Amino acid sequence: MYHPESMTKPEKDARPLVSLVLPCYNEAAILRANLETLCTYMESLKQQYRWEVVLVNDGSRDDTGAIADEAARGRPNIRVLHHPSNFGLGQALKFGFNHARGDYVVVMDIDLSYAPETIGRMLQKIRETKAKLVLASPYVEGGSIANVPWLRRMFSVGANWFLALFARDRFRQLVARGRLSTLTGMVRAYDGRFLRGLNLRSMSMEINPEAIYKAMLLRAKIEEIPARLDWRLQTSGGVKRKSSMKVLQHMISVLLSGFIFRPFMFFILPGVGLFIFAAYTISWMFIHFFRQFRVLTQYGWVMDRASYALAEAYAQFPHTFIVGLLSLMLSIQLLGLGILAMQNKKYFEEIFYLVSMVYRQGLDED
């Protein structure tokens, strides 16, 4: 394996430091070869950047940890972090971020489903545009997808569409203009200082849309580059490597992310739909009532006539009254929860913005 230059460079070196964060779980079949490929590529950028690799072994049950430690032995710019058990993608990334020292932090998938050259293009974009976050997307014009199973592709497209739908107005406008086409992708480049003040909380795959959501709240500039996603199942010793994405877990994380983006919509939309259904049902309650009111002419006083008409209508169509009133009550509750969620979301955004500013000032003073 090629041994790049040590990271013990003089402080006067003006080249920015790039931290390449690699979360790994049961990657023994491909880790050695792909890490070699990534290090070789990073070495090709040494005229522009200093670099380090932060590899997070997230509780792998195979030889991933041992292979990573062997690759890092005697190489101070490769650091390996170990989780005692599998905590999930979000925790692995946060662990890596906390140990990344770079001016820029790049996240890559060790399976190299995105080519190593994507790193250089993301770094070029983030430096040219002064963005805080650059995404690699196969869905933007110029990007492409190859060898991706149809189920995986369907979930990816659906998840990004769903999150864009539930994102707030400003973000939906960015999506509509074509500036952003993916919210769930892991391959991206961050401004290091910005990332360290982002205070991410997610433990699993929802960390990726969470980072975009919080960057959006801070009015950060987000850019995107076209990339090719080539999801090839690699083999080693005849053992086929499979995707670690769990469909159910992925669906739950997308729903949670949608709730983070626009929580009140989970109450408002069902509430409005249920209210329309309740209005339709209640209209039939009145129709049944007035029909009986016209028939019961033997009761002279209006209130007696109305009471008997209501009782007779209920006796003949009890399900209409029960379903109509219950659905009306439930719709009002859902709409009320939606209004409260909207209010709480605004409070959260303001508090998050203020606390982030205070936290950043503390980092500057340190």
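The values are calculated or read from the model by the stated rules, or taken from the named source; none is laboratory data. Being a predicted model, the structure only gives us computed values, none of them experimental. Cβ: placed from backbone, ideal geometry, glycine included. Neighbour counts: every protein chain shown.
I need every pair where a residue in the range 38-53 that is assigned by TED's automatic domain parsing to the domain that holds residue 111 has its Cβ under 8 Å from the Cβ of a residue that is assigned to a loop (DSSP other than H, G, I, E, B) and among the polar types (S, T, N, Q), sequence separation at least 6 or different chains.
51/77; 52/77; 53/77
Taking the range 316-347, which residues are in contact (Cβ under 8 Å) with a residue 12 or more places away in the chain and either hydroxyl-bearing (Ser, Thr, Tyr) or not in a helix (DSSP H, G or I) (or both)?
Correct list: 317, 320, 327, 331.
So which residues in the range 103-114 are modelled with pLDDT of 95 or more and either closer than 14 Å to residue 24 by Cβ or outside any strand (DSSP E or B) (or both), if there are any at all?
103, 107, 108 - these are the residues of the range 103-114 that are modelled with pLDDT of 95 or more and either closer than 14 Å to residue 24 by Cβ or outside any strand (DSSP E or B) (or both).
Taking residue 91 and the conditions (1) part of a helix (DSSP H, G or I); (2) modelled with pLDDT of 95 or more; (3) surrounded by 14 or more Cβ atoms within 10 Å (Cβ to Cβ); (4) polar (S, T, N, Q), which numbered condition does it fall short on, given that it satisfies the others?
Tallying (1) part of a helix (DSSP H, G or I); (2) modelled with pLDDT of 95 or more; (3) surrounded by 14 or more Cβ atoms within 10 Å (Cβ to Cβ); (4) polar (S, T, N, Q), residue 91 fails exactly one: (2).
List the strands (runs of 3 or more DSSP E) inside the range 136-231, counting only whole elements, that have at least 1 residues being exposed (fewer than 15 other Cβ atoms within 10 Å of the Cβ), at pLDDT 85 or above and of a type in the set (Ser, Thr, Tyr).
In the range 136-231, the matching strands (runs of 3 or more DSSP E) lie at 144-146.
Could you tell me whether residue 67 is under 25 Å from residue 232 (Cβ atoms), assigned to a helix (DSSP H, G or I) and touching a Lys or Arg at 6+ places or on another chain (Cβ under 7 Å)?
yes
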